[in-house]
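To start, the structure itself, in structure tokens.
None of the figures in this text is laboratory data; all of them are computed from the coordinates on show. Small disclaimer: the values here were computed from a predicted structure and weren't measured. Note: ideal-geometry Cβ built from the backbone for every residue, glycine included; neighbour counts use all protein chains shown.
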Amino acid sequence: MERINYQHLYYFWAVAKHGSISAACETLHLAQPTISGQLAVFEQSAGVKLLRKEGRKLVLTETGRAVFHYADEIFALGREMTHMLKGRTTERGLRLHIGISDAMPKLIAYKLMEPVLRLSEPKQVHCVEDKTDRLLIEIGLHGIDMMLCDVPATPASGTRVFNHFLGESGVGVFAVPELAARYRRGFPRCLNGAPFLLPTTNTALRRSLDQWFDTQQICPAIQAEVEDSALLKTFGAAGAGLFFSPQVVAAEIQRQYGTEMLGPADGVVERFYAITAQRRMKHPLVTAILQHAQQGMFDLLNGNA
């Protein structure tokens, strides 16, 4: 496909964005046969299937998702150009598309991204939260520039990516003041039978915590298993149970959620990684995040610098 027909690309983008041909027809004020025909021509010229039917729905193929991401950028630039031509000032700046694993502590994610958010230069940061395996697919399709995760990618992921170790933190036990007062004395043995909110069993932290419970001979009364780290802390802030979080952000956890730290879970460590499609970074905002972490961010947060 030597030259893209941007009208065909726009029809494809509209269908993918709105989820169906009929919805795109309403937005574009065109008849359904017109859109269907143009889509068929576009797929034929591209030489690959971009959409497929699943029941009554149209879903993007892997190639279709990659094309959609490019189209999204193309038409975003078009909108900015239109604003400029109409005399509206616009500073596009750098764009950063970043994925955050749902198991990744959100306060850690913010601390990692903080130097980028504080840059005075124009920039646009787009964050998406999802499961690790789906974010890895997005990296392979260039849908995101980088993802933040609590586990490294493995060859089993099926995507050629590179892991960048960012740092680590010990883990502490937190609770609202009423629960903290009840279970602080004799820590950690007093935690036997205590109500706990735990990450789900498919997370790296949960595997470490299960081993810690066994070592300490603690049998927790599990109140809930929550995959999303922010939601788990919200449950904890409501007094639903004790929960674990990285000590590196203990002050923020206590202030933001109105909780207290009972003590450390000795031997339990959370590690954090950035995952990218390239070993050497060319994106300046990605480089800024990696350098901030690798030049001692976790040492500073831990008070070791």
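For H142 and Q216, the FRET efficiency from 1/(1 + (r/R0)^6), where r spans their Cβ atoms and R0 equals 45 Å, is about 0.50.
The Rg/Rh ratio of the chain, with Rg taken over Cα atoms and Rh as the Kirkwood radius over Cα pairs, comes to 1.07. Efficiency by 1/(1 + (r/R0)^6): what FRET value for T82 and A251, r their Cβ-Cβ distance, R0 = 41 Å, to the nearest 0.05? It comes out at approximately 0.35. Helix 62-85 axis versus longest C-alpha principal axis of the chain: approximately 70°, rounded to the nearest ten.
Scoring 140-152, 255-267 by mean Cβ neighbours within 10 Å over their residues and listing the highest first yields 140-152, 255-267.
Extension gain, E225 to Q295: 0.36 nm times the residue separation minus the Cα-Cα distance gives 21.7 nm. For segment 112-157, just say rounded, prolate or oblate: build the C-alpha gyration tensor, square-root its eigenvalues into a ≥ b ≥ c, call rounded for a/c under 1.5, and beyond that prolate if a/b exceeds b/c, oblate if not. The shape class here is prolate. In terms of distances greater than 19 angstrom between alpha carbons, the cross-link table entries K106/K233; K17/K106; K17/K49 yield K17/K106. The overall shape of segment 169-269 is rounded: from the C-alpha gyration tensor, with semi-axes ordered a ≥ b ≥ c, the ratio a/c is less than 1.5.
Subtracting the Cα-Cα distance of T27 and K57 from 0.36 nm times their residue separation leaves 9.0 nm of extension gain.
If you take the square roots of the eigenvalues of the alpha-carbon gyration tensor of segment 8-62 and sort them as a ≥ b ≥ c, do you get rounded (a/c under 1.5), prolate (a/b over b/c) or oblate? The shape class here is oblate.
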